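The values are calculated or read from the model by the stated rules, or taken from the named source; none is laboratory data. Only a predicted model underlies this, so the values are computations on that prediction, with no experimental measurement involved. Virtual Cβ from ideal backbone geometry, glycine too; neighbours counted across all protein chains shown. The area values use the complete protein model at the heavy-atom level, side chains included, leaving out ligands, DNA and RNA. Shrake-Rupley method; radii C 1.70, N 1.55, O 1.52, S 1.80 Å.
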Amino acid sequence: MDWNQKYQGQDYFYGTKPNDFLKSQATLWQSPKKILCIAEGEGRNATYLASLGHRVFAIDSSSVAREKALKLAASSQVTIDYQLADLANFDFGQQQWDAVVSIFCHLPSSLRHKVHQRVEAGLVQGGTFLLEAYTPNQLAFGTGGPKDTNLLYTPDQITNDFSQINWSLAHEVQRNIQEGTGHQGMSAVIQFLGSKK
Ligand SMILES: C[S@@+](CC[C@H](N)C(=O)[O-])C[C@H]1O[C@@H](n2cnc3c(N)ncnc32)[C@H](O)[C@@H]1O
């Protein structure tokens, strides 16, 4: 997938509003957090979290996405620290993130597993991990997301990727998603929320 090409237009491909699942949870987060948004794309979620007063870092491999994200943040009068990097090489560090947010970050299975292990190591004790992603059942809907099953996630894959997370939410749901022109209609997703032991 050539993400720079996908993001080339003036419009924001997944819109400028935050993801519904993230919004429903983040409104409950009390104190300001140091948050990392992985595969952040055009910045809608990072901008939203920064507008709530959090210190927000983002990473994505698309330079076009980064430019548009910085514009979106500026137009919302917030600051985000957005690094251009490939998740295959990104150093999450050890115990330094209060929260890691993964919204539609669809990686090949071997990379997904490695990234999730590094996410776990990078979270502080009690730190939050939040994920929404399409499942293989999404192929029947055709309303967005990858067409390759190797890039789609099942609940078991996610629980197996982590050993130190207490899950408060770990399920597959079908919901109507309206996010720009990229995600439109009934969809099959997994939603995960947990905190590091
Ligand atoms: C479906 S978009 C989701 C963007 C954003 N999270 C959102 O929901 O608006 C997937 C994003 O993953 C990024 N991505 C895919 N593989 C990546 C990798 N290996 N390293 C960094 N970013 C990656 C793409 O550039 C793209 O912006």
Among the candidates Ser195, Ser109, residue that is among the polar types (S, T, N, Q), in contact with a Gly (Cβ under 6 Å, 6 or more places away or on another chain) and open to solvent by 30 Å² or more (accessible area, probe 1.4 Å): Ser195
Matching option when the condition is without any contact (Cβ under 8 Å) to a residue 60 or more places away in the chain, open to solvent by less than 10 Å² (accessible area, probe 1.4 Å), assigned to a strand (DSSP E or B) and closer than 26 Å to Lys17 by Cα, among Ser187, Ser168: Ser187
Region 114-143, subset more than 21 Å from Ser163 (Cβ to Cβ) and open to solvent by less than 10 Å² (accessible area, probe 1.4 Å), residue nearest to the chain's Cα centre (by Cα): Glu132
Qualifying position, being within 24 Å of Gly180 (Cα to Cα), modelled with pLDDT of 95 or more and exposed (fewer than 15 other Cβ atoms within 10 Å of the Cβ), among Ser76, Ser63: Ser63
Residue count for region 35-60, restricted to those that are of a type in the set (Gly, Ala, Ser), touching a strand residue (DSSP E or B) at 6+ places or on another chain (Cβ under 6 Å) and open to solvent by 10 Å² or more (accessible area, probe 1.4 Å): 2
Residues of region 81-129 satisfying the condition of being in a loop (DSSP other than H, G, I, E, B), small (Gly, Ala, Ser) and over 23 Å from Asn19 (Cα atoms): Ala88, Gly93
Test for Gly93: is it small (Gly, Ala, Ser) and more than 24 Å from Leu49 (Cα to Cα): no
Meets criteria (free of Cβ contacts under 8 Å to residues at least 60 places away in the same chain and either over 20 Å from Val115 (Cβ atoms) or more than 8 Å from the ligand (Cβ to nearest atom) (or both)) for Lys33: no
